[in-house]
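Working notes, structure below.
The values are calculated or read from the model by the stated rules, or taken from the named source; none is laboratory data. In this text, all values refer to a predicted model and were calculated from it rather than measured experimentally. Ideal geometry is used to build each Cβ from the backbone, glycine not excepted, and the neighbour counts take in all protein chains shown. When the accessible area is computed, the model is the full protein with side chains, heavy atoms only, and any ligands, DNA or RNA have been set aside. Shrake-Rupley method; radii C 1.70, N 1.55, O 1.52, S 1.80 Å.
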Amino acid sequence: MQTNQLILLFSGALLVLGLIAFFMGRAKAAKVRAAGTAMYAQPDQYAWFAALATAGPAVAVGAIGSFALLLMGAEIPTLYLLAGSLVVAAAGMMVAMMQVRPDFHARKAIEKTIRWILASAAMISIFTTFGILFSIITEALRFFQMEGFWDFITGTTWNPGASFLAAAGRAEEGATAAEFGSVPLFAGTFMITLVAMLVAIPVGLMSAIYMSEFAPARVRTIAKPVLEVLAGIPTVVYGFFAAITVAPIIVDIAGAFGLDASFNNALAPGIVMGIMIIPFISSLSDDVINAVPDSMRQGSLALGMTRAETIKDVVVPAALPGIISASLLAMSRALGETMIVVMAAGMRPNLTANPLEDMTTVTVRIVAALTGDQEFASAETLSAFALGLVLFVVTLALNMVSVIMIRRFREKYRSNNL
Amino acid sequence: MDMKVADRGVTMSGHETGQPVTRNEQANHELSIRVRDLNLWYGETQALKNINIDVFQKDITALIGPSGCGKSTFLRCLNRMNDLIPSVKLEGLIEMDGRNVNEVKMDEVALRRRVGMVFQKPNPFPKSIFENVAYAPRMHDLVSRKADQDELVEQALRDAGLWNEVKDKLHEPGTSLSGGQQQRLCIARAIAVQPDVILMDEPTSALDPISTATIEDLMDKLKQQFTIITVTHNMQQAARVADYTAFFHLGEIVEYNDTKTMFANPHTKKAEDYITGRYG
Amino acid sequence: MRQSFDEISAQLKGRHRKSARLKWMSMGALGLAGLFLVFFFTDMLIKGLPAFQQAQIQVQVDYNEMAQELPLAAVEEEMRPLVSRGYLRLIPGRMEKNPDLLGTTRMEWVLADGQVDQYLKGHHSNLSGSEQSVVDELADNGRAELKFNTTFFTRGDSKMPELAGIASAAMGTVMTLLVTLVVAFPIGVMTAVYLEEFAPDNRFTQIIEININNLAAIPSILFGLLGLAIFINFFGVPRSSPLVGGLTLALMTLPVIIISTRTALRSVPEDIRHAAFGVGCSRWQVVRDHVLPVSMPGIMTGSIIGLAQAMGETAPLIIVGMVAFIPDVSATVTEAATVLPAQIFTWAGEPDRAFTEKTAGGILVLLTILITLNATAVVLRKKFERRW
């Protein structure tokens, strides 16, 4: 029999058992109650308890079994495993039936079970983080065993070209040895992020200042969601826009100044990425500027300061931790952004300070390494995980600092309310 | 409102000048701010009705009355802080130095330069103690040299009675001070720009009794140089510090008198009831 | 020495100018962002709208015996390069199905070649001079027209631009998002309920909270690495399938759903809980019967927004192989499939100019769906918004 059908059959059997347990439990409880004995819980609650006691352990056994099957490669035939689960289900049902007694707290048992189910759902997010960490670190370690860690961190040449030959055991036929020096990738990432921040921080911050300090309420209610649209546009769309529309414009403008720009210049993805993250900065900054107590503004205005002086010298400095926090968050977003650079930035690792040249980024190389038709175990494929590890560490650090700063800011203005 | 004070034989000469009849001998009587027929609305609700009052220079004028009676609203008209609330509509005359402060040509920033304000809750800027005081004079070009600036900060802090407590930590943040110290810092900040008038909006309501006493002493000293108008909830405070007291009720000035008369022998029933604690 | 109002006002002039400058600059910044949005949408509309029209030409189709073997023989020689090869390929099949056709000759409107389409739209095309004049003549006689492009919505990907459509990608998106929803919604809501209503305020709970916030900020491409290493390499989920894509996106969407559900739960006033506890409800009963029903609109809003976000996501799906060339609409979640944004990505990489138009067309469809989804979320929130 097919595994699919087996599982279907198993689920059906379990459902039937559960239903039987439910109704038997309820019938028994109802009978006990009808006999005039006071019970701790409602018949329905006993019924639910019986159903849970039947299905829960069986599903658990099935899950653990299949996990063992996949993980440890244990040789348990699926049929036996499922049959075993059903036996456990039957046993669970028997136990539950015996528990339908007046002095048994069925409700508390259910509450406890539900609590456990909810808690295990909450654990999924922890597992996800560990999953990311685990998968990235193990593969990255494999990579660092092949190529040295220091070469990776400090090398200035990224040339994975021949690594697949090495993986295939034909290294000597390759023309040049593969090199995995990641410095040019980080330089490219940094350059594009820099361009993005140079666009996003002034525009985002100024928009936030306008919306929170100058704009009439009506403008504000319209402008805020309109700005949010910028963040809602899929990155693949931005990538297309950067490559097809913005890059040629930049080449033309550079040409008008007699400069030579590549069609894969770093400016186009940088600018478009900056536009994408404007709402991150503007909406977070808007929040923190609004959180600056009004008494602060009035204190300044009452001294005969103009609106702008109040904003520049009192409001913005007070909101600064929040604004920095927003910028860090936006920066981590820019560093990890993939589609825009994949579509609009170059593929060539290029160590240069000229944003008109083409350059590549960490995320571009991750995508390039994993979309080729390569052995998974080749150094190039694994290099994606090494790059991913660095990306993970950097973005995590930025997020952490950002969260701590915003928390400080909130605490400060809560405690100052004398 | 028509005060009809004359026919009750009380101390007010009516709404022509608002000048008290019973003179307070220690006070001087040069006019600082003249208010005539001031009405103010928050949207549809009228918050101030026919306010007429003369405020004298280098005196302390206290505004008392039950909460919601409009005394803070009135105070904030005097340096146009109500401009910040879009729904506020205002009629009538507030005259200072021969100019209507609400006229179109009047620059509210210039007005606030001359009419400073201290708020209910101390609100030092998120800057150092020194910067809190030095900031405004520097922006207003009152000091040109660094030495002048140091001198001015020291003088303002001395005047506010804070110098001895903070002289060794001028570069710590203003928020690191205690509540009472913060409030005196705010006063120092206000006097550093050399205003004519200082408005105080319940300056001690957020403070402990000892800090309150310090601030009250300070107010007494400051009236040598400044005209002070203070809103207070605390009648004893008004009795202690003020030269003149105006009693507000439901957006009107019920009685305006020199403080001694007001507390010893109020001429209106409402003021008497309030002062003797029948309501408030 | 004190200054008069006029003296002070005179000093203030420069400062007021600066103040006005800040106001205009900040307004300009907002205007700039708005302007960009207008430019962006205009650009996409100009590039994408032509994709919804496709050239068709009227040709004489001669269903002769030769055409059964060599479909090109069915049309006049002059027309051959102008007719879509995809259409020609179907001729033998049609003749087999319908033997009566053999020996007949009809005038038919058929799909034109992509180059003819580009030429008629006034774009650059590779048609030779003589071909161009044939097309011009056809157009003058009303035998070449731009018609609404149904192919774009009914067919999958193709190497021929005139036959390329978004149907298989749309189907892939639906299946992927279904997997995402089925996985992320229950887990997300359960996590949020646990954290908001059950969890004790201890270290462990704090760790979960910090962890969720971090997950929300991890670059999406790393979720792709997770999907590749764990789901595909470890659990053996088929590569390129909506199942693996959906699972990957589910993990990404999870934090969004958790955070918005928590906000929704938190906005339910404590009074309601106290009242329910007061009448003897257990904690779970309070949540199930009182808290969840009132916070449902908020939860739905958050989930729709999360789903819209997942719908536009491309990077992690590329990593798990969902950029495959999928000409036919697939039916199960374990078969290779592609999604709308991945289709856009693939087309954007095609050198043929006609595909640029398709790309922008696909983008317009994607944006329309996303805007609809988000608007639904906003309407939902407005409609059920309560003030306690």
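Taking the Cα centre of chain A as the origin, how large is its charge dipole in debye, to the nearest 20, when only Lys and Arg (+1) and Asp and Glu (-1) carry charge on their Cβ atoms?
On the way: 25 positive and 26 negative charges, 518 e Å.
Roughly 2480 debye, rounded to the nearest 20.
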Loop-exposed GluC sites (Glu not before Pro) per DSSP, neighbour cap 14 Cβ within 10 angstrom, longest uninterrupted part of chain B: B:104-280
With 5 Å bins from 0: P(r) over chain B, alpha-carbon pairs, percent: 1, 6, 13, 17, 18, 16, 13, 9, 5, 2, 1, 0
222 nm mean residue ellipticity, helices alone, for chain C (DSSP H n ≥ 4; -39,500 (n - 2.57); rounded to 500): -20000 deg cm²/dmol
Angle in degrees between helix A:362-371 and the longest Cα principal axis of chain A, rounded to the nearest 10: 50 degrees
Dipole of the protein assembly as shown [Lys/Arg +1, Asp/Glu -1 at C-beta], most positive-end residue of C:V134, A:I249, C:S4: C:S4
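Would you work out the charge dipole size for chain C about its Cα centre, treating the Cβ of every Lys and Arg as +1 and the Cβ of every Asp and Glu as -1, and quote it to the nearest 20 debye?
Numbers: 33 positive and 35 negative charges, 513 e Å.
Computed about the Cα centre, the dipole is about 2460 debye.
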Fraction of alpha-carbon pairs over 39 Å apart in chain A - percent: 49 percent
Restricting segment A:39-143 to trypsin sites (Lys or Arg not before Pro) in coil, as DSSP defines it, with at most 16 other Cβ within 10 Å: none
Furthest towards positive pole of dipole, A:A29, A:V59, A:L15, structure part segment A:3-116, Cβ charges: A:A29
Cβ neighbours within 10 Å from other chains - mean over C:348-356: 2
Other protein chain Cβ atoms within 10 Å, averaged over every residue that makes up A:97-103: 0
Sequence-distant residues sharing a close amide H with B:A47 (under 5 Å, placed H): B:L40, B:W41, B:Y42
Carbon/sulfur fraction of accessible area - the protein assembly as shown, other protein chains in place, 1.4 Å, %: 60 percent
Set of lysines near C:K358 by C-alpha distance (under 23 Å), chain-local residues within fewer than 8 positions excluded: C:K47, C:K121, C:K147, C:K159
Anisotropy class of chain C from Cα gyration tensor, a/c 1.5 cut: oblate
Residue-averaged [θ]222 nm for chain B, counting only DSSP H segments that reach four residues, each worth -39500 (n - 2.57): -9500 deg cm²/dmol
Where A meets C: accessible area buried, both sides, 1.4 Å probe, Å²: 6600 Å²
Student exercise, segment C:234-314 dipole from Lys, Arg, Asp, Glu Cβ charges, in Debye to nearest 20: 140 debye
Long-range HN-HN contacts of C:Q53 with modeled amide H, under 5 Å: C:N149
Accessible area per residue in Å² at 1.4 Å probe, computed on segment C:312-385: 39 Å²
Most mobile of A:V61, A:V203, A:V390 in a GNM of chain A (Cα contacts under 10 Å): A:V61
MRE, 222 nm, helices only [DSSP H, n ≥ 4, -39500 (n - 2.57), over chain A, to nearest 500]: -25000 deg cm²/dmol
Choice from C:K97, C:K358, C:K18 with maximal GNM fluctuation in chain C (Cα, 10 Å cutoff): C:K18
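Between the DSSP loop rule and a limit of at most 12 other Cβ atoms within 10 Å, which trypsin sites (Lys or Arg not before Pro) in segment B:36-145 are left? Before the final figure, lay out each step's value.
On the way: sites: B:R36, B:K49, B:K58, B:K71, B:R76, B:R80, B:K89, B:R99, B:K105, B:R112, B:R113, B:R114, B:K127, B:R138, B:R145; in loops: B:K58, B:R80, B:K105, B:K127, B:R145.
Loop-located and lightly packed - B:K105, B:R145.
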Links that overshoot a 24 Å alpha carbon limit, given the list B:K105/B:K221; A:K224/A:K312; B:K167/B:K221; A:K412/B:K146: B:K105/B:K221; A:K412/B:K146
Amide proton proximity set for B:H249, modelled H, under 5 Å, gap of 5+: B:V254
Listed residues A:A200, A:A326, A:A397, most fluctuating in chain A (Gaussian network, C-alpha, under 10 Å): A:A397
Whole-number percent relative contact order across chain A, with pairs defined as alpha carbons under 8 Å at least 6 apart: 17 percent
Residue-averaged beta-carbon neighbours from other chains (10 angstrom radius) around A:200-210: 5
Convex hull volume per residue for segment A:3-116, taking Cα atoms only, in Å³: 89 Å³
Dipole of the protein assembly as shown, positive direction: furthest Cα of C:F235, A:F392, B:W41, with charges on the beta-carbon: B:W41
Euclidean distance between Cα centres, segment C:160-177 to segment A:23-71, Å: 46 Å
3J(HN,Hα) from dihedral phi, segment C:283-299, Karplus parametrisation 6.51/-1.76/1.60, rounded to Hz, x for glycine, proline: 4, 5, 5, 4, 5, 5, 8, 10, 7, 4, x, 6, 9, 3, x, x, 5
